[in-house]
Amino acid sequence: MTDLRIGLTGTASETVLYTNTASALGSGLLDVYATPAMIALLEKAAVLAITPSLKAGEGSVGIKINVTHERASLPGQTIIATADLIKIDGRKLTFKVTAVDEHGLIGQGEHERFIINDEKFLANLKK
């Protein structure tokens, strides 16, 4: 781990489409932005925050997420997720994560990731 430091920030965005609604993903019956889609976008923001600072062959895996989904978003709205690196404990990283649409906050919480050696990680899974 080379340049990892507190304060790294990543952002990711997507438009609410039928494919990322609760009805399409099976997490609900309405055509509103799905909680699983929001979680994936929050994780993507965290990955984008740290990937440039990792050594070749290193990656990260999500190990914990604790978020609220506070307000629904309709198809056509843009969701922006932000992940701020707030703690480094060896290879465990903790992020403050938020998601907003054009009306304000829709979700927030904390996410943890663990730095891995990609090759070793996959080899261990195949055993």
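The values are calculated or read from the model by the stated rules, or taken from the named source; none is laboratory data. Model, not experiment: these values are computed from the prediction. In this analysis, Cβ positions are derived from the backbone assuming ideal geometry, glycine residues included, and neighbour counts consider all displayed protein chains. With ligands, DNA and RNA removed, areas are computed over all heavy atoms of the protein, side chains included. Shrake-Rupley method; radii C 1.70, N 1.55, O 1.52, S 1.80 Å.
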Take the stretch 53-69 and flag every residue that is within 13 Å of the chain's Cα centre (by Cα) and among the small types (Gly, Ala, Ser). 60, 62
How many residues, within the stretch 1-37, are among the hydroxyl-bearing types (Ser, Thr, Tyr), in contact with a helix residue (DSSP H, G or I) (Cβ under 7 Å, 6 or more places away or on another chain) and open to solvent by less than 60 Å² (accessible area, probe 1.4 Å)? 1
Could you check how many residues of the stretch 90-101 are in contact (Cβ under 8 Å) with a residue 12 or more places away in the chain, within 30 Å of residue 121 (Cβ to Cβ) and over 11 Å from the mean Cα position of the chain (by Cα)? 4
Subset of the stretch 12-55, residues acidic (Asp, Glu) and in contact with a His (Cβ under 8 Å, 6 or more places away or on another chain), comes to 43
Would you please list the contacts, defined by Cβ atoms under 8 Å and residues six or more apart or on different chains, that run from a residue in the stretch 73-89 that is farther than 15 Å from residue 105 by Cβ to a residue that is loosely packed, with under 14 Cβ neighbours inside 10 Å and among the small types (Gly, Ala, Ser)? 85/7
